[in-house]
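The next block holds one structure in the form of structure tokens; read it before the comments.
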Amino acid sequence: MRIAFVDLLLAMAKLPWGTLEDVGDQSEWARQCGQTLQGIGFVAGNVLDQLHARLFCDKLAASFAPRLYAAVLRCRPVSEAGAQQMLLDVHAVKTALAKLPQSMGMGTAPASYIKLVQRDVGRTETLLKVLPSPQEQIAE
């Protein structure tokens with residue numbers, strides 16, 4: 001699991017975000033990240049009971065979000081379209097992460113888990129909203 005996410009985040013960092021001129025559908029790395037999360041949820045859901053599945057989801061989200069943030073920081077240079085594309089991709093990954101409890105067979109995701117995902121991945125989304133702004137506007 002660790003290897004798959006590390007490889008996906010490295011692949012994201014290697015994309016030419018500075019040369020993107022238009023925003024399209026989600027990137028391949030975001031799609032693969034969603035599939036990996038769904039696969040992990042399916043396997044872990046068959047092995048873990050409800051209590052441990054919830055703990056697993058919390059720990060996975062809490063450890064993945066800072067790595068995603070760090071991967072975004074490694075992506076330089078980033079054009080305005082590149083930042084918008086990354087924002088779209090990060091939102092897709094956040095949605096997949098929020099659906100992890102459902103893929104584990106837990107039913108609806110607990111509200112506290114959704115709040116954790118929104119808060120932690122939201123930091124990355126905030127960074128991507130500010131990233132293409134000129135430095136003069138950031139100071140304001």
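The values are calculated or read from the model by the stated rules, or taken from the named source; none is laboratory data. Because the structure is a prediction, the values reported are computed rather than measured. Here the Cβ positions follow ideal geometry from the backbone for every residue, glycine too, while neighbour counts run over all protein chains shown. Quick note on the areas: whole protein, heavy atoms, side chains included, nothing else; ligands and nucleic acids left out. Shrake-Rupley method; radii C 1.70, N 1.55, O 1.52, S 1.80 Å.
Quick notes on this structure:
- Among the residues of region 1-46, those that are part of a helix (DSSP H, G or I), over 16 Å from LYS94 (Cβ atoms) and open to solvent by 60 Å² or more (accessible area, probe 1.4 Å) comprise ARG2, ILE3, ASP7, LEU10, LYS14, GLU28, PHE42, VAL43, ASN46.
- Cβ separations smaller than 6 Å between residues 6+ apart or across chains give the following pairs from region 51-79 residues that are closer than 19 Å to LYS99 by Cα to residues that are assigned to a helix (DSSP H, G or I) and of a type in the set (Ser, Thr, Tyr): CYS57/TYR113; LEU68/THR124.
- Picking from residues in region 94-121 that are part of a helix (DSSP H, G or I), surrounded by 14 or more Cβ atoms within 10 Å (Cβ to Cβ) and of a type in the set (Gly, Ala, Ser), the one that is modelled with the lowest pLDDT is SER103.
- Annotation: of all residues in region 47-64 being aliphatic (A, V, I, L, M) and touching a Leu at 6+ places or on another chain (Cβ under 8 Å), the one that is most open to solvent (accessible area, probe 1.4 Å) is ALA62.
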